[in-house]
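Colleague: Once you've had a glance at the structure underneath, I'll fire off some questions.
Each reported figure results from applying straightforward, stated rules to the coordinates on display, with no laboratory input. Every value quoted in this text rests on a predicted model; they were computed, and no experiment measured them. Every residue, glycine as well, gets a Cβ built from its backbone with ideal geometry; the counts of neighbours run over all protein chains shown.
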Ligand code: 1GP
């Protein structure tokens with residue numbers, strides 16, 4: 001079954017899917033075991049693996065460790081074409097459409113295309129939209145793009161609709177890892193009434209209750225990363 005069908009099935013059953021995000025970077029080495037214990041003992045449906053920047057070349061080794069310590073499906077959430085792994089056969093194929101940096105609109109996609117084809121990875125075209133969650137985030141710094149202002153609903157809607165009309169299968173609204181605020185519920189309700197493709201939200205989410213509230217506003221998938229790493233996440 002394709003990962004998109006899997007996520008849709010979970011949504012039909014549970015009203016949304018809850019995704020854990022693991023950044024396979026050196027900074028998490030000492031806590032990877034604990035993070036996986038928290039994920040496995042909670043109600044997550046799948047694990048996203050990826051980060052804005054990986055400091056060393058032990059990315060594959062960490063994925064191997066994650067794979068051998070969970071039964072949940074893994075989905076790649078790559079920060080660049082360097083994060084395409086033969087060990088994960090599903091991937092969010094991201095287009096950073098809130099920004100205007102060609103590196104993340106087409107360059108990285110072209111760089112990774114032959115490897116994805118060779119490995120026969122199940123790619124989900126995803127319109128990736130950064131929102132300003134009140135913090136300076138590494139995704140914004142590394143991509144040299146500015147997030148969209150959440151108060152400008154019409155501009156956010158125009159981006160989301162453009163993402164849909166370009167043929168993407170998902171829209172990912174991300175306030176960035178560790179952001180102060182998550183997506184505003186009134187904005188999410190407004191956008192979800194207009195767009196016809198499933199919406200993923202992430203950035204700054206610290207509890208299961210918050211995830212449930214966002215699902216009531218129209219999120220099909222909710223991503224939790226930082227608060228799981230820090231142990232702050234409230235089940
Ligand atoms: C970041 O949306 C993800 O790209 C998750 O954000 O780490 O703040 O949970 P957090």
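Colleague: For region 107-224, just run the numbers: alpha carbon Rg, then divide by 2.2 N^0.38 Å, N being how many residues it has. Kindly include the intermediate steps, with their values, before the conclusion.
Modeller: Numbers: Rg = 14.6 Å, N = 118, 2.2 N^0.38 = 13.5 Å.
Its radius of gyration relative to the 2.2 N^0.38 Å reference: 1.08.
Colleague: One-quarter of the Cα convex hull surface for region 3-230, in nm²?
Modeller: Values: hull surface 44.6 nm².
Dividing the Cα hull surface by four gives the mean projection, 11.2 nm².
Colleague: Report the calculated FRET efficiency for residue 114 and residue 161 (r = Cβ-Cβ distance, R0 = 30 Å), to the nearest 0.05.
Modeller: On the way: r = 31 Å, r/R0 = 1.04.
According to the calculation, E is roughly 0.45.
Colleague: Rounded to the nearest 0.05, what FRET efficiency is calculated for residue 105 and residue 185 with R0 set to 35 Å and r the Cβ-Cβ distance? Write out the running numbers ahead of the final one.
Modeller: Numbers: r = 29 Å, r/R0 = 0.83.
Efficiency, rounded to the nearest 0.05: 0.75.
Colleague: What length, rounded to one decimal in nm, is gained on full extension from residue 65 through to residue 232, with 0.36 nm per residue of separation minus their alpha-carbon distance?
Modeller: My answer for the length gained is 57.8 nm.
Colleague: Test of understanding: ordering 38, 31, 100 by Cβ neighbours within 10 Å, fewest first, what list do you get? Show your work: numbers first, answer last.
Modeller: Numbers: 38 19, 31 15, 100 11.
In increasing order of surrounding Cβ atoms, one gets 100, 31, 38.
Colleague: Run the Debye formula on the Cα coordinates of region 152-220, all scatterers equal and no solvent, and tell me log10 I(q)/I(0) at q = 0.21 1/Å.
Modeller: -0.85
Colleague: Could you please rank 195, 201, placing first whichever residue has the fewest other Cβ atoms within 10 Å of its Cβ? Could you put the intermediate results ahead of the total?
Modeller: On the way: 195 16, 201 27.
So the residues, fewest neighbours to most, are 195, 201.
Colleague: Okay, next question. Starting with the fewest neighbours, write out 6, 165, 173, 16 ranked by other beta-carbon atoms found within 10 Å of each beta-carbon.
Modeller: Details: 6 17, 165 9, 173 29, 16 24.
Taking fewest neighbouring Cβ atoms as first place, the list is 165, 6, 16, 173.
Colleague: Also: Pop the C-beta distance of residue 82 and residue 33 into the FRET formula with R0 = 30 Å and round what comes out to the nearest 0.05. Intermediate results must be reported in sequence, preceding the final value.
Modeller: Details: r = 25 Å, r/R0 = 0.83.
For residue 82 and residue 33, the calculated efficiency is 0.75.
Colleague: What is the gain in length, in nm to one decimal, between residue 8 and residue 42 on full extension, counting 0.36 nm per residue of separation less the C-alpha to C-alpha distance? Intermediate values should be presented prior to the final figure.
Modeller: On the way: separation 34, 0.36 × 34 = 12.24 nm, distance 1.99 nm.
Value of the extension gain: 10.2 nm.
Colleague: Where does region 1-117 land on Rg(C-alpha)/(2.2 N^0.38 Å)? Working shown, then result.
Modeller: On the way: Rg = 14.8 Å, N = 117, 2.2 N^0.38 = 13.4 Å.
Compared with the compact-globule rule of thumb, region 1-117 sits at 1.10.
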